[in-house]
Amino acid sequence: MGEKELYINFDEYIRHGEPQKRERAEAWRVAIGLQAVDGLKTSEYLQDTAIKNIEGEITIDEAREMLKQYYIKKTAHDDDDADKEEADRVSGNISKLLQTDAFTYSVAGLAAIHRAIFEGVFKHAGRFRNYDISKKEWVLHGDSVLYARWQDLRMAIEYDLEQERQFNYSLLSKEQMVEHLANFVAGLWQIHPFCEGNTRTTAVFTIKYLRSQGFQVNNDMFERHSWYFRNALVRASYRNLAKNISYEPLFLVRFFRNLLLGETNELKNRYMLIDGAEVNRTSDQGKDKRLETTQKTTQKTTQKILTFIEKDASINRKKLAELCGITPDGIKWQLKQMQKNGLIRRVGPDKGGHWEIIEKDK
């Protein structure tokens, strides 16, 4: 069964199938599509097995066991068998995760997702790395994102999860919600707590977290654009001031707007190359009007905050929220973005400290 035929069969289940068959087909499509983030492709045997599970002929656990036994008993081996086995078994594991609603929002829950995805594939499944890493990225012309130190992994994840848990979405527009979610996911991904499989783990965590918060997730995005998703995470997490390159969340925000708002922003990997992003962002302005409106609002708030800090470096978040006419959580997010983009820095503790504006020409 070829890839095109697989998609046709899955489309048929998704468009016209019974609810349970549709849910299973969507889970398998996402699971298979996510293998592209590591350049992996599933086998025809996996595709046939997935159809049997979708039809209800076998359970998801039976499908996973069949995949395991297939590679144990396989006598004729091809050069790419190791890659296909990883893709097949991981696809089965992801499909099982996506066919259940259970979700634990915690450091342990994130580790459990990694363990469930790579059970029987990686010996270190579910365990945090104990060394620092770097990865050459195509969109960065061989440079690497700066990932978290291995000694800080648990603390970094706990911090990001707690900040998100406390964040108040109530007064945000849908566009602002999407932008915040994109930044949250990028920050979590940049920690990169595992030796391998971080993007696939982040994707599954994101899908399950969004579902737990009541969002309707467009599964086609992770299935058809998983490689774009990874590159967008890279661009949102990379900064090189010596080369005048700042964090660029625009590409990831486009992905999330398509994912959650049903938009059809064009997603092209080549647009994300560090020496072409600005040109392509300008050429795509007509497709990003609503995003630009959100950005302009954010920029106006940024200018207000800079003005107030210039007048009173000791001003607190509560006062800034009152003066800018937004929520304390909104100010908290805005200040975090301004620090991330190198506009301001905090000197001293929250109480008793003060803000400093970073002069760009120094």
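When the chain is treated as a GNM with alpha-carbon contacts under 10 Å, the residue of 200, 257, 346 showing the greatest mean-square fluctuation is 346. Between 0 and 90 degrees, the angle of helix 153-166 with respect to the longest Cα principal axis of the chain falls at about 70 degrees. Put a plus charge on the Cβ of each Lys and Arg, a minus charge on the Cβ of each Asp and Glu, and nothing anywhere else: the dipole of the range 125-256 about its Cα centre is then about 240 debye. On the beta carbon distance between residue 45 and residue 212, with R0 = 30 Å, the FRET formula returns roughly 0.35. Using a Gaussian network for the chain with springs between C-alpha atoms less than 10 Å apart, which of these wobbles most: 116, 125, 82? Maximum fluctuation in the GNM of the chain, among the listed residues, is at 82. Using the 1.4 Å probe convention, the accessible area of the chain works out to 51 Å² per residue with neighbouring protein chains retained. Measuring against 22 Å, Cα to Cα, the residue pairs 135/336; 311/332; 21/84; 136/332; 84/208; 68/208 contain 135/336; 21/84; 136/332; 84/208; 68/208 as the ones spanning a longer distance. Close amide H partners of residue 245, meaning residues 5 or more places away or on another chain with modelled amide H under 5 Å apart, are 240. Amide H contacts of residue 194 (H built 1.01 Å from N, in plane; Pro and chain starts excluded): 129 sit under 5 Å, all sequence-distant by 5 or more or on other chains. Within the same chain, aspartates and glutamates fewer than 8 places from residue 96 are excluded, and of the rest, those with a Cα less than 14 Å from its Cα are 23, 26, 61, 62, 65, 88, 119. Under a 5 Å amide H cut-off, with hydrogens placed 1.01 Å from N, residue 263 pairs with 258 among residues at least 5 apart or on other chains.
Across the options 189, 301, 246, the greatest Cα extent toward the positive end of the charge dipole of the chain (unit charges at beta carbon of Lys, Arg, Asp, Glu) belongs to 301. Ranking 50, 36, 107 by Cα position along the charge dipole of the chain, where only Lys, Arg, Asp and Glu carry charges on their C-beta atoms, puts 107 farthest toward the positive end.
Between rounded, prolate and oblate, where does the range 68-133 land on the alpha carbon gyration tensor, with a ≥ b ≥ c its root eigenvalues, rounded for a/c under 1.5, else prolate if a/b exceeds b/c? Oblate shape, in that a/c is at least 1.5 and b/c is the bigger or equal ratio.
Summarising the label geometry, the points placed 7 Å from Cα in the beta-carbon direction at residue 308 and residue 158 lie 3.1 nm from one another. For the range 9-84, just say rounded, prolate or oblate: build the C-alpha gyration tensor, square-root its eigenvalues into a ≥ b ≥ c, call rounded for a/c under 1.5, and beyond that prolate if a/b exceeds b/c, oblate if not. The shape class here is oblate. Karplus-derived 3J(HN,Hα) values for the range 338-344, using 6.51 cos²θ - 1.76 cosθ + 1.60 with θ = phi - 60°, are 5, 5, 4, 8, x, 8, 9 Hz; glycine and proline are entered as x.
Only the Cβ atoms of Lys and Arg (+1) and of Asp and Glu (-1) were treated as charged; on that basis the dipole of the chain about its Cα centre amounts to roughly 1460 debye.
The figure for residue 61 is an accessible area of roughly 70 square angstrom, using a 1.4 Å probe on the protein chains alone.
With the Cα gyration tensor of the range 131-273 giving a ≥ b ≥ c as the square roots of its eigenvalues, does the rule (a/c under 1.5 for rounded; else a/b larger than b/c for prolate; else oblate) give rounded, prolate or oblate? Here the range 131-273 falls in the oblate category.
Once the Cβ-Cβ distance of residue 102 and residue 12 is raised to the sixth power relative to R0 = 30 Å, the FRET efficiency obtained is 0.60. Per-residue Karplus couplings for the range 123-137, computed as 6.51 cos²θ - 1.76 cosθ + 1.60 with θ equal to phi - 60°, are listed in order as 5, 9, 4, x, 10, 6, 5, 10, 7, 7, 9, 8, 9, 6, 10 Hz, Gly and Pro entered as x.
Each residue, residue 269 and residue 78, gets one label point 7 Å from its Cα in the Cβ direction; the gap between the two is 2.0 nm.
Sparse packing (at most 11 other Cβ atoms within 10 Å of the Cβ) combined with a DSSP loop state is found for the following GluC sites (Glu not before Pro) in the range 304-362: 359.
Seen against the Cα atoms of the chain and their longest principal axis, helix 81-98 is set at about 70 degrees.
Remark: spin-label model distance residue 317-residue 132 equals 2.9 nm, labels positioned 7 Å along the Cα→Cβ axis. How far is the Cα center of the range 141-207 from the Cα center of the range 314-362, in Å? Answer, in whole Å: 21.
The values are calculated or read from the model by the stated rules, or taken from the named source; none is laboratory data. Computed from a predicted model, the values in this text were never measured in an experiment. Quick reminder, even Gly has a Cβ in these numbers, built from the backbone with ideal geometry, and neighbours come from all protein chains shown. These area figures cover heavy atoms from the full protein model, side chains too; ligands, DNA and RNA do not enter into them. Shrake-Rupley method; radii C 1.70, N 1.55, O 1.52, S 1.80 Å.
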